[in-house]
Amino acid sequence: MKPSVSRVIFLMGPTASGKSGIALELAERLPLEIVNVDSASVYRGMDIGTAKPDAATRARYPHHLMDCIDPAQAYSAARFREEALAAMADIQQRGRVPLLVGGTMLYFKALRDGLDNLPPADPAVRAELEREARARGWPALHQDLAAIDPVTAARLDRSDAQRIQRALEVFRISGRPLSDYHGAGSREPLSARILPIGLMPSDRGRLHERIAQRFDAMLAAGLEDELRGLRERHELTPDLPAMRAVGYRQMWEYLDGNCDRDAMRERGVVATRQLAKRQMTWLRHWPGLVLFDCLDPDAPKQVLEASATFLDETKA
């Protein structure tokens, strides 16, 4: 029997929107436990570049699905969904409510809607694709994808390495394009009552300022040394999902001598802005979203009030 949960809060927003701080306030005042929904925070040792809470904070407020695997390994939306459902059921058994927090919108959607029954990952096929990408580049593999699955290729950016790799992997394993699987599998939508909260900026320019400040703070905190240490301890390549995360990808280029520090910093800030734009695009299409201005000083109080009302209304 699969684990189930009756109610849950989704706290979503672009990077630098203040999700983590608000989540801690909610966990302090309400019977909630935090579940991480960030595809980079699942990796051990990637602390500075993902802005993980410090050890004291996590001791006081446990964060589920954080530090799950080493950065040389791969993580998927399917694995996230399975582990999130288990964590949520455990939280509910303790008489508390799951608070899912993060900016990986694909994971939120996978949890809410379920997933198509796709072939499992094949490490050998993935390694072969990574070798091809290093030799030819991901735009060339995107062209390969367009030839066999134009529907999927049309919705993917030519540099979206992770999704191009998965689409090609599915075809090589099964002989069927990824688009054939969409809608054909057995999806299991989340049956819980969901409060979907979105943090969005009323002024994108001010969010961009926050993003630059956040990236500078990561550099000052030792992002360079963190990545150097990861490269020494693990067999990493720039094509791994962990190393394609914003910040780490640009720092890798710097450490390899492909750009100077100023260019690395600029590329990191620009890439983070682009990530925030994609996150906000996802949010604009989220049904029933309860929106709050992340730049409003009263946003934490407003989110707390909405969450408290939801818990009262859904109390068993």
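Every number in this text was worked out from the coordinates using simple rules, so none of it is lab data. Predicted model only: the values in this text are computed from it and were never measured. Neighbour counts are summed over all protein chains in view; Cβ atoms, including those assigned to glycine, are modelled from backbone coordinates with ideal geometry.
What to note about this one:
- Selected from Gly102, Gly49, Gly288 as most flexible by GNM, with the chain as the system and alpha-carbon contacts under 10 Å: Gly288
- Taking 7 Å steps out from each Cα toward its Cβ at Arg193 and Arg60 produces label points 3.0 nm apart.
- Taking every alpha-carbon pair under 8 Å whose residues sit at least 6 apart, segment 123-181 reaches a relative contact order of 34 percent.
- For segment 38-176, a Kirkwood radius taken over Cα pairs fed into Stokes-Einstein (37 °C, viscosity 0.692 mPa s) yields D = 193 µm²/s.
- Dipole size of the chain about its Cα centre, with +1 on Lys/Arg Cβ and -1 on Asp/Glu Cβ: approximately 520 debye, rounded to the nearest 20.
- Seen from every direction in turn and averaged, the convex hull around the alpha carbons of segment 139-195 projects onto 5.2 nm².
- Across the chain, the mean sequence separation of Cα contacts (distance under 8 Å, 6 or more residues apart), normalised by length, yields a relative contact order of 27 percent.
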